[in-house]
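The values are calculated or read from the model by the stated rules, or taken from the named source; none is laboratory data. In this text, all values refer to a predicted model and were calculated from it rather than measured experimentally. Quick reminder, even Gly has a Cβ in these numbers, built from the backbone with ideal geometry, and neighbours come from all protein chains shown.
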Amino acid sequence: MNTDFIEALSEIEKEKGIGKEVLIEAIEAALISSYKRNFNTAQNVRVDINRMIGGIKVFARKTVVDEVLDPRLEISLYAAREINPNYSLDDIVEIEVTPRDFGRIAAQTAKQVVTQRIREAERGLIYNAFVDKEEDIVTGIVQRMDTRNLYVDLGKVEAVMPLNEMMPTDKFKLNDRVKGFITRVENTTKGPQIILSRTHPGLLKRLFELEVPEIYDGVVEIKSVAREAGFRSKIAVYSRNPDVDPVGSCVGPKGARVQTIVSELRGEKIDIVRWSDNVEEFVANALSPSKVVEVQVLDDEKTARVIVPDYQLSLAIGIKGQNARLAAKLTGWKIDIKSESQAEDEFGRPRTSDEMPQDSISID
């Protein structure tokens, strides 16, 4: 090693942000292992790299003792005082043992250490960049796929999307562009691992935040999301400004905003409903596109009994109970749906043609 090597370490410090002293200390530690391995010795040694000119020296460290049992680790008091008369028992004596051809081994070891440290630093930078993007959307290119995962190139790193995190309607080919929601970023021994999802409710929420300026600006707030990925979703929105319609803002001019999101989600149906702190009103809105006659709240059981017109019962429940199930997830309330005739037979309730006002829209 020479001054050029020390200058190269200084350049690495500037470009990669890895301290020169950190690199030198790592090289010294690696050289100790290399010395013991290549020269088949169990000596206790110290390696010193000159910070100015890059010169390398190896020193054997021996303890001063009365009687030498292991000459590789110990030195007699008499021999130590021949080196320096000030040595006493239990002192450590350092004797230079630098091999003649150690420079070649040192150069090879230093290269490996520096390369490894640069790789670790780059992995750290990538991890720090993506850990801040957890619960955000990224776009990448499909690189490959196997029986368990889809692998997505995000530029400096490859992300993993498990097949069970893909929507049933997703059909990707190699080199296709794909949007994914980052659910987790892990720092592993092989580098940062980024896990993507297209089924997570957060994907729908972030798509609306990106597509609707009123949400991005904080005027309209997404209160809750319920999703059965690839089939149907419900999103509850609220406006902090009474002059701004939250549902209309999300739909956009001629439905342009929400249709962009529907296209990204491969035709997933989206019901946009107005959130309300009034449980009866919120539950009625959540059952969109069904009309609701009455909502009875049972606070003790956190259950809402909903009465709908007879002809709306199947619509309120949905195919395989999907509409009712999503409404329950959206509101956080258990929903018991009855038709008017069922309510009359069960509770003796008179039928009525009045319907609760609803504020929602369903997008196919």
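Taking the criterion of being in contact (Cβ under 8 Å) with a residue 12 or more places away in the chain and either of a type in the set (G, A, S) or surrounded by fewer than 12 Cβ atoms within 10 Å (Cβ to Cβ) (or both), the residues of the stretch 73-107 that qualify are S76, A80, S88, L89, D90, E96, G103, A106, A107. If the Cβ limit is 7 Å and pairs must be 6+ apart or interchain, which residue in the stretch 334-345 that is in a helix (DSSP H, G or I) pairs with which residue that is modelled with pLDDT under 90? Here the result reads E340/R351; A343/R349; E344/P350; E344/R351, each pair linking the stretch 334-345 to a residue that is modelled with pLDDT under 90. Taken residue by residue, the stretch 157-173 has no member that is among the small types (G, A, S) and within 23 Å of K234 (Cα to Cα). Taken together, the residues in the stretch 124-168 that are in a strand (DSSP E or B) and within 12 Å of L196 (Cβ to Cβ) amount to 15. Scanning the stretch 295-317 for residues that are surrounded by fewer than 18 Cβ atoms within 10 Å (Cβ to Cβ) and part of a loop (DSSP other than H, G, I, E, B) yields a total of 1.
Is it true that K179 is outside the structural domain of E281 (by TED's automatic domain parsing) and in a loop (DSSP other than H, G, I, E, B)? When the stated conditions are applied, K179 does not pass them.
The residue that is nearest to the chain's Cα centre (by Cα), counting only those in the stretch 51-71 that are farther than 22 Å from N86 by Cα and surrounded by 14 or more Cβ atoms within 10 Å (Cβ to Cβ), is G54. If you go through the stretch 120-154, how many residues are in contact with a Ser or Thr (Cβ under 9 Å, 6 or more places away or on another chain) and surrounded by fewer than 17 Cβ atoms within 10 Å (Cβ to Cβ)? The total comes to 2.
Please indicate, with yes or no, whether at least one residue in the stretch 169-182 is surrounded by 21 or more Cβ atoms within 10 Å (Cβ to Cβ), modelled with pLDDT of 95 or more, touching a helix residue (DSSP H, G or I) at 6+ places or on another chain (Cβ under 6 Å) and within 24 Å of V247 (Cβ to Cβ). Yes - at least one qualifying residue is present in the stretch 169-182.
Against the condition of a type in the set (V, I, T) and more than 27 Å from H200 (Cβ to Cβ), how does V273 come out, does it pass? Judged against the criteria, V273 is not a match.
Looking only at residues that are touching a residue at least 12 places away in the same chain (Cβ under 8 Å) and under 14 Å from L210 (Cβ atoms) in the stretch 263-274, which one is surrounded by the most Cβ atoms within 10 Å (Cβ to Cβ)? Ranking the qualifying residues of the stretch 263-274, first place goes to L265.
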